Structure formats: C-alpha cells, structure tokens
Amino acid sequence: DTPIQPLHAMVSSSRDETGPSLSYEVGLNALDATLDVIASSGRVSSLSQGLFRHLRSAIRANTGAKAGRYYFEVEVLERIPEAPALLLAGFSTDRSSLFLGSQLTCVGFDSKGSSCATMRPAGELGQAKRVGLLLDQEVKDGSVSVFLDGEQVGSTAIPHLCGKALFPTVTFQNVTLAVDFNTPGPERCRAFGSILEEHHARSSVQAAPKEVIIPVALPHSGLYDWSLRWREVRPDFVEIGDDMMADWSALSCLSSRQDPSRAAGSRDDPHMACLGIEQLRSREVWRGALMDLAKSSRQSLIHSSVRRNLVEAERRSLLKNFPMAKKIAVVLFGKPDEDFRDWVKQRTRSDYEAAKEQLERRRSSAEAAGEEPPVDDLKEPPEADFLPSKMEVSDKVLAHELKNFSLPDQAEGFDEIRYEWADEAGAKAGLLQWLREQKARRIVEGLAPGEWFEKKSKAWKDARRVFQNGQRDFRMRSQNDDSLADKVSAIELSEVKDPHNADGAGTPIYGNFKYEDWVVLSWRYELHLLSHAFPMDAADSDRLGVPEEHMEHYWRIYYHHHFEPRKLGVANLRDALKLLKEPIQLKETTSGSRILVSTCDPESSIDAFVVSVEAYRRDRCRRIEAGDESAALSIPRKAPGPEGKAAGKGVMKSAPKTTPKAKPPQQPQPSSSPGPTGGKAPAKAPVAKMPAPQNSGEAAKQPHPPSAPPIKRTPEGPLGRSRADQVKKAPAPKGSVGKLVAKPPQPSSSPGPTGGKAPAKAPVAKMPAPQNSGEA
C-alpha cells in the first residue's frame, strides 16, 4: 500500500476535459458474472439459500477505463441475517477472474477499507454504508483509492496494471448492493458513467445466441486445456462441470478439512464432501443446483468433463436441459495442431512468470516486515503438448466406464459435430485402439459371477461327489477282481456315452484315475468355466477373455481362493497350461496382451472332460512304458485328509492303491465289575473290524490274558504317541476276509502283574463289506 495522497496534490484536469460521450449506458454486465448473480437497474444480488449461501458471487461492468480519473460507488442495501457477509469493490482487466484478490490482474478493497491483495474468508461487514473507488491512471504508476461514506481511507499504487483497461468489479456474498456509476466523485475526477470515449474500453463479453459446447476427448489429452483456451478466445462462454464447482468453492475460500492430498480427487470428480458444507456432500444435490442455474442463464456454456462427455447416456441427459440452445460437440482426438501447442507454450511461460513475480512480491514484503522470506521452489516449465494438470479422471472410474465410451452422434441431439485434430475416421480408429489397450491392462470393476457360471459351478460340485463315490465303489470291487483295471484300459474312448458305465457292465471310465488325474480334471474344467464366464459377465465385445496378468484377480472373484499354479508343481499360468495340454490356451490380441480362451464349447459336458483326461492318462502311461520319464506328472500332493474328502479345493482324492490302512489299536476300557482274581475285569483283546454278517452266529470276543492290565489312555493315544504314528499298512487281502498279522507286543508304560509292561494291541485292518458273509 502507498501513503494516502491529498486530493489537492493530485494534479489533473480530467474533470475539465471534454469530448464525445459513449453511445451506450455504462452499467453492470449480467453476462460477465457468476451464474447465480441477479442484476437489474444498478441493483445486484445473488442466490443466498442452501449451497449458494456459502459461495461468493461476482460481476463486472460493461465498460473499463484505460486512462483518466474515474469514480464509482457501491452501497449495501441489505444483508442476509446470520450469514457470513462479504463486499469487495475494485477493478480488474477484461477476461480475467471476477473474484477480487485471486489474481494480480485485479485490485480492490473490502468494506473496511483494507486492500484485498489476497483471498480472505467472509466475515463481518464494515460500518460504512457506501464504498467508493477512484481509479487514477494519470499519476505515475497509477493508483486506486478507497472512500468510506465519502472519506478517503486508503490508496494503493498499481504499476503492474497502469495503462491497461480496468473494469469496475464487485465480489460479494449474502448482501444486496446498489452500484452507482453516476455519483460525482472527488474534485477533478469524473463519474464512470460519464467516461470519455477516448478513455473507455468496452467489455469483450457481449450478448450472443446461446450455445452449449461439449468437448469429447480421451483422458489426459487436452480437454481441460482446450476448454480454457476456448473461454479465453470466447469470454462469453461459462464453464459448467465438476471442476468448475471445485474452483468456485476454492475462490469462495472453502477449504478442505482433510489432508489436501486425500481431499483433492480428480478434475472430473473432485472430493467436495470434505469441505464441510452439507449441500456439497451429495454430488446429485450440487450438480442439480448448478444445472438449474445453467438452464435459466442467457450465457453460453461449455461442459468440461472427460468421463461424462465420453458416455452417450450422459451426453443425452445433458442436452435435454437446453432445448433452445445450439448444441455442438467438439471431438479432440489425435495430435494437437500447431496453434494449440504454441498456446500451451505461451500459457505455461506466462503462468511461470506470474508465479515468479508473485513470489518476488511476497519476498519483498517479508523482508520489509523482517520476516523469513518464502522458499523459491519454482522450476522452469518443460515443453509439452498440454498444460501440467492434476489427474483428470481416476483409474477406478475409467475401469468401470470403459465399456460405455463412444464418440458423439447427431442422433443424440447435437446440431453440429466438429472434429478438431483428426477426421471422423481417425477419431474412431483412435478410440478403438485406446479402448483395447486400456481394457487389456485394467480390471473390470464390480464384476460378479453370473447365472450361467453359478449353474455350471454347482453342477461341477455335484458331479465331483458322484465321481468320488463311483471310484470308491470301483476300488472296492477291484480288490476281488484284478482284471477290472485292465477292462478300463481296454474300453474304446470314442464309444463312451456314460463315464460311470463305460462298457455297459458298470465299469467307470475313471476307474484307474490317480490323484494327478483328478487334479488335471479339476484345473481343466474350472479354467474352461472361467474362460467362458468372464466375457459373458463383462458384457463387452472388447473383453473376450481373462488377461493373463489379471488371472489372480478374476480367479478369486469366481472361485473365492487364490490362483496357485504351484499346486500343479509349476510357477505360472503358461507352465500350467503346458502341463494340462488342453483345452485352455493363451491367445494374443491386437493390443499385444494374451487372454485365456477355451477350445471347447461353453456347453461341453463334464463327462467329455473326464473322457479326455482318461485319454491323457493313457498317453502318459504309454510314453512312460516306452522310457519317456518326462511324461510323468510331478504334482505335489497334500497330506491325505479324511477318507472320501477332497485333497484340495476342487480336487478329488483318488482311491487308495492298496488295502485300506489299518486302524490304530483299540484301547481297552477298564471294567467296573471285578475279575476272577478279585480285581477289575481284564480288557478285551483286539479284533478285526468285520462287516455285520447277515446270518452269522455270535462271535466270541477273546479277553486279554489276566496279566495284561488296562492300557492308560492319553490325549495323544496309547503310549503317548499320536494316532497317525500308530497307523500301519496291512498287506492286501486275497479274499473277502484278510488274515491279520498282529504286531509284536510293545512295552507298556503301566506295569503288569509280573512287574513287566503290558503288551500293545494288534492293529486292526478296515475291511470291505462282504456281499454274503458267513460267520467270521
């Protein structure tokens, strides 16, 4: 600020000058204002309910002064009770920001007479009813003086603005004002309403037929830059969109209550809820309020949004709001032209110079006040096709909307479609190529298994149980007939119609399956289901299969567990497919990615997969017999679970190759009735577990010798060992009842009657149920 100069010391003859007057009336320009402003006959107010109670409003005059001394006055007529109020009056250049204090292209004072060189939150108004501003461009460096109720209270030099056309500007909030351009000012100055023609400059914002422009561009390819340049060339256009609302909130000094890095969001989708204003928490609320203003405004509009302008449904919805306006789509595909790139360079350089100048001003102020100067963190701007910008649209939104992106069509309601940097064919080819590249590297947000997959998956789970029981029955029968295994291998696979009864005699085609065959079957069929279900559920013609790099993500969505090729003994998907052989392949797409495809029809039966696995098993057996050891599958096997349970998720446990394992020795229970010698009754001797005979006599149960005391039972089993350690394999029986061979007695931890340890029980083999057993 400069010292206040006495009016009699300001040598000027402006008031005495004469010349032609203007052919139009000086006043406020309703087209050069924020959307919420209501201006009429010198009075100006704005919407002050709901959301707009928290936003600043601004308006600029239709005439500026580039020379001479001119005065105008603002009077507060009314203010909204219990609401933050603000009045800033001053001058700004044409096409610059309407908000005083936001740029170096403006100068102004508040209602208390303080300079508004920076943005400050709204508060209480000053006591003065009238605020007058005097622009003097005849003194050295120029100056602006402020008057409160007719008394001069401040002045500031404007060397950076002197000689430029400066327009009266008012920024306000929750007040009603009267702006007077005809009140006589101090001595030797003119009222703005009587400005001389040679001193005046007319606003570039003039009335024109209303137009609505929707620029369409790919992310980070210049949409917001093009929109800014368009508004510089055509200042009669006002931006509408989420980014505009975020800027309006910032210019109204609404600050985030969160960490700025978390609250920023993207230009398409700014995080407005963090500003702490109830009406900004719901995007639908403030978007609706903004659209209501746009519909009633006479100003031309440009809608800036990457995502919404690429989606046909969003474009149609937007155009319905402006039935009387001319609707134009501008397609920005391809490399920007030379004019646009030159503008970017000039704009980048001017922004850098402005920031540097502002830094110098802050440094000078800090040195004058004896404070620490600000840190110089400015860097020379690099050359680029577009202005540096924060994220335009988030990856999550892109992934969700990719399938809906399209170019505009006149059938949507456009009166005109312009192609700026490429023709229509080039734009379509560019969009198609970009979509393929993006879909190849992005996941489908919100994808869920569809009805087809759920039905097939349930059928697969049911079939596994049937196969499991079928092989168990076959193994039981093959223990009595060694020729059954050979019968399976002799079946002609091409003639198999029922895998459970391949030869018409009840022989299952999967009778000789081992653990690795069941693993191969599970992986083959589940990969087959996934390869067909994904394109069905994604419902996108550009997503024809699961991308190789996203296999883990989609596998978890469909099967609810991790994709682990190591369960096949391999490191990755490609090695897994080499092991499985068929029917899954990785197919390379035009975008260079590889997707999962199945060579089988989506409705191929599970039975067909079983037959193909049997063919694969036979082929491996022939190669191994011929000496090709590489044909053997080295699939890691988990520790066996309970009999009849799957060894792993989706994998059936094959039937045992030998006789079922013997059960752990049964431990005798002490009896409460006295034995022959007066002590407790001796424990019973171990016996083989036999099937219940149909017509058997009563089997005699042999007790232990009297010298064998009962074995003490522990949580781990007899003798303190785990039960698994006590399980021993028994030799395969030749008939329906095998001969049990008792293990030599083991010492017991409890002494017998003779001072030694009691012998351990013999193991018990689990035997298959005989068809017509006699007495054991």
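Results, tabulated for the structure shown:
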| item | result |
| --- | --- |
| Test: residue in region 408-427 that is open to solvent by less than 60 Å² (accessible area, probe 1.4 Å) and within 26 Å of the chain's Cα centre (by Cα) | yes |
| Breaking point among (1) among the aliphatic types (A, V, I, L, M); (2) open to solvent by 70 Å² or more (accessible area, probe 1.4 Å); (3) part of a helix (DSSP H, G or I), for Leu398 | (2) |
| Selection within region 120-129 - touching a residue at least 60 places away in the same chain (Cβ under 8 Å) and open to solvent by 60 Å² or more (accessible area, probe 1.4 Å) | Arg120, Pro121 |
| Complete set of residues in region 209-234 that are closer than 16 Å to Ala427 by Cα and either of a type in the set (Ser, Thr, Tyr) or in a loop (DSSP other than H, G, I, E, B) (or both) | Leu218, Pro219, His220, Ser221, Gly222 |
| Meets criteria (in contact with a helix residue (DSSP H, G or I) (Cβ under 6 Å, 6 or more places away or on another chain) and either touching a residue at least 40 places away in the same chain (Cβ under 8 Å) or more than 30 Å from Gly413 (Cα to Cα) (or both)) for Asn182 | yes |
| Filter result for the condition that a residue is at pLDDT 95 or above and either in a helix (DSSP H, G or I) or out of contact with any strand residue (DSSP E or B) (no Cβ under 7 Å at 6 or more places or on another chain) (or both), over Arg341, Arg316 | Arg316 |
| Count of region 163-210 residues which are among the acidic types (Asp, Glu) and within 30 Å of His54 (Cβ to Cβ) | 1 |
| So Ser266, is it open to solvent by 20 Å² or more (accessible area, probe 1.4 Å) and among the small types (Gly, Ala, Ser) | no |
| Condition met for Thr171 (in contact with a strand residue (DSSP E or B) (Cβ under 6 Å, 6 or more places away or on another chain) and surrounded by fewer than 19 Cβ atoms within 10 Å (Cβ to Cβ)) | no |
| Candidates Ala217, Ala273, Ala294 - the one that is among the hydrophobic types (A, V, I, L, M, F, W, C), in contact with a strand residue (DSSP E or B) (Cβ under 6 Å, 6 or more places away or on another chain), more than 30 Å from Gln346 (Cα to Cα) and crowded, with 17+ Cβ neighbours inside 10 Å | Ala294 |
| Total residues in region 74-90, condition surrounded by 24 or more Cβ atoms within 10 Å (Cβ to Cβ) and either touching a helix residue (DSSP H, G or I) at 6+ places or on another chain (Cβ under 9 Å) or not aliphatic (A, V, I, L, M) (or both) | 1 |
| Residue match in region 517-534 (condition: open to solvent by 10 Å² or more (accessible area, probe 1.4 Å) and either touching a Lys or Arg at 6+ places or on another chain (Cβ under 7 Å) or without any contact (Cβ under 8 Å) to a residue 40 or more places away in the chain (or both)) | no |
| Count of region 26-43 residues which are in a strand (DSSP E or B) and without any contact (Cβ under 8 Å) to a residue 60 or more places away in the chain | 4 |
| Per-region count, region 569-588, residues on the phi < 0 side of the Ramachandran plot and surrounded by fewer than 16 Cβ atoms within 10 Å (Cβ to Cβ) | 8 |
| Test: residue in region 444-460 that is open to solvent by 30 Å² or more (accessible area, probe 1.4 Å) and closer than 30 Å to Glu211 by Cα | no |
| Top-ranked residue of region 554-568 - restricted to ones that are touching a residue at least 60 places away in the same chain (Cβ under 8 Å) and open to solvent by 50 Å² or more (accessible area, probe 1.4 Å), ranked as farthest from Glu454 (Cα to Cα) | Arg566 |
| Qualifying helices (runs of 4 or more DSSP H) (wholly inside region 489-598; at least 3 residues being among the charged types (D, E, K, R)) | 515-538, 573-580 |
| Residue within region 559-566 that is of a type in the set (A, V, I, L, M, F, W, C) and closer than 30 Å to Ser478 by Cα present | no |
| Index of the failed condition, Ala354 passing every other in (1) crowded, with 16+ Cβ neighbours inside 10 Å; (2) outside any loop (DSSP other than H, G, I, E, B); (3) not acidic (Asp, Glu) | (1) |
| Matching residues in region 179-219 - criterion: being β-branched (Val, Ile, Thr) and either farther than 18 Å from Trp230 by Cα or out of contact with any Lys or Arg (no Cβ under 7 Å at 6 or more places or on another chain) (or both) | Val179, Thr183, Ile195, Val205, Ile213, Val216 |
| Filter result for Leu104 (over 17 Å from Tyr70 (Cα atoms), touching an Asp or Glu at 6+ places or on another chain (Cβ under 9 Å) and open to solvent by 10 Å² or more (accessible area, probe 1.4 Å)) | yes |
| Enumeration of residues in region 608-636 that are in contact with a helix residue (DSSP H, G or I) (Cβ under 6 Å, 6 or more places away or on another chain), in contact (Cβ under 8 Å) with a residue 24 or more places away in the chain and basic (Lys, Arg) | Arg617 |
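The values are calculated or read from the model by the stated rules, or taken from the named source; none is laboratory data. Please read all numbers here as calculations on a predicted model, not as lab measurements. Cβ sites come from the backbone with ideal geometry, for glycine too, and all protein chains shown count toward neighbours. Ligands, DNA and RNA are excluded from the accessible area calculation, which covers all protein heavy atoms including side chains. Shrake-Rupley method; radii C 1.70, N 1.55, O 1.52, S 1.80 Å.
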